[in-house]
Amino acid sequence: MMKRALWQGLLAGGVGVVVMTLGEKAEQRLTGRPDSHVPARTLERVTGMPEQHGRQPLAVNWMMHYGQGALLGVLRSVMAHAGLRGPWSSAKFAVVRVTNDQILENATGTGAPPQSWPRQELVVDLLHKTVYAFATGVIADALAARSGPGPGQRHAARPNRQVDAGPSARRDAWGR
């Protein structure tokens, strides 16, 4: 499962970040909002790269933007393979996506806690991260579904399952 979750997650996360980026570019055309270079500054500080003051490090920005999206897609793929699929799981993943950004940006001093942001900026960021999470989820769920239901889904489908039901009996590779 983990090998499949890895490549499928990288693919799903890559698609998710492309969809998010297309939405961001469309929004920027409408609102006039400039590009953010926080991803580049964050990657520079996390890796110890020299910061290029006065220059916009576009290549570093894209590495962080796309790399972070692709890598986080692996987590969403693991969720899907475990049986955590659909809109509820994508909503949970949106929180993970925002949390990941905030940990890295606040730990490096390139960002500030969202509650200190102007409301419009916060809404725009949450919207784009939610688009990413749901686009990634659609792809991860579809790819994982090709392997059948995940363990959590099999447990939920047990006949006569009670609210306080314990875990399903462990099965070997032959289903015994």
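The values are calculated or read from the model by the stated rules, or taken from the named source; none is laboratory data. On a predicted model such as this, the values are computed, not experimentally measured, just so you know. Ideal geometry is used to build each Cβ from the backbone, glycine not excepted, and the neighbour counts take in all protein chains shown. All accessible areas refer to the heavy atoms of the entire protein, side chains included, with ligands and DNA or RNA removed. Shrake-Rupley method; radii C 1.70, N 1.55, O 1.52, S 1.80 Å.
Data table
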read-out: Failed criterion for Ser147 (all others in (1) at pLDDT below 95; (2) open to solvent by less than 40 Å² (accessible area, probe 1.4 Å); (3) hydroxyl-bearing (Ser, Thr, Tyr) hold); value: (2)
read-out: Some residue of region 82-92 being in contact with a Ser or Thr (Cβ under 9 Å, 6 or more places away or on another chain) and on the phi < 0 side of the Ramachandran plot; value: yes
read-out: Every pair of residues 6+ apart whose Cβ atoms lie under 6 Å, when the first sits in region 47-73 and is closer than 28 Å to Trp7 by Cβ while the second is assigned to a loop (DSSP other than H, G, I, E, B); value: Asn61/His37
read-out: Odd one out for Pro57, checked against (1) open to solvent by less than 80 Å² (accessible area, probe 1.4 Å); (2) modelled with pLDDT of 95 or more; (3) of a type outside the set (A, V, I, L, M, F, W, C); value: (2)
read-out: Near pairs, Cβ below 8 angstrom, 6+ apart or cross-chain, from region 151-166 (open to solvent by 100 Å² or more (accessible area, probe 1.4 Å)) to any residue that is at pLDDT 70 or above; value: Arg154/Gly83; Arg161/His155
read-out: Those residues of region 78-111 which are part of a helix (DSSP H, G or I), in contact with a Leu (Cβ under 9 Å, 6 or more places away or on another chain) and among the small types (Gly, Ala, Ser), in sequence order; value: Ala80, Ala94
read-out: Qualifying residue in region 50-62 (condition: closer than 30 Å to Arg154 by Cα, under 17 Å from the mean Cα position of the chain (by Cα) and among the hydrophobic types (A, V, I, L, M, F, W, C)); value: no
read-out: Pair list, Cβ under 8 Å, 6 or more apart: region 6-32 residue touching a residue at least 40 places away in the same chain (Cβ under 8 Å) and more than 21 Å from Ala140 (Cβ to Cβ), other residue open to solvent by 50 Å² or more (accessible area, probe 1.4 Å) and outside any helix (DSSP H, G or I); value: Glu27/Arg33
read-out: Looking only at region 21-34, and only at residues there that are surrounded by 14 or more Cβ atoms within 10 Å (Cβ to Cβ) and either β-branched (Val, Ile, Thr) or within 27 Å of His53 (Cβ to Cβ) (or both), the one that is nearest to the chain's Cα centre (by Cα); value: Thr21
read-out: Subset of region 105-133 (residues that are touching a residue at least 40 places away in the same chain (Cβ under 8 Å) and buried (at least 17 other Cβ atoms within 10 Å of the Cβ)); value: Glu105, Thr110, Gly111, Val124, His128, Lys129, Val131, Tyr132, Ala133
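Let's see how each residue does on (1) among the small types (Gly, Ala, Ser); (2) modelled with pLDDT of 95 or more; (3) surrounded by fewer than 15 Cβ atoms within 10 Å (Cβ to Cβ):
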{"residue": "Leu11", "(1), (2), (3)": "no, yes, no"}
{"residue": "Gly14", "(1), (2), (3)": "yes, yes, no"}
{"residue": "Ser36", "(1), (2), (3)": "yes, no, no"}
{"residue": "Gly48", "(1), (2), (3)": "yes, no, yes"}
{"residue": "Asn61", "(1), (2), (3)": "no, no, no"}
{"residue": "Gly69", "(1), (2), (3)": "yes, yes, no"}
{"residue": "Gly86", "(1), (2), (3)": "yes, yes, yes"}
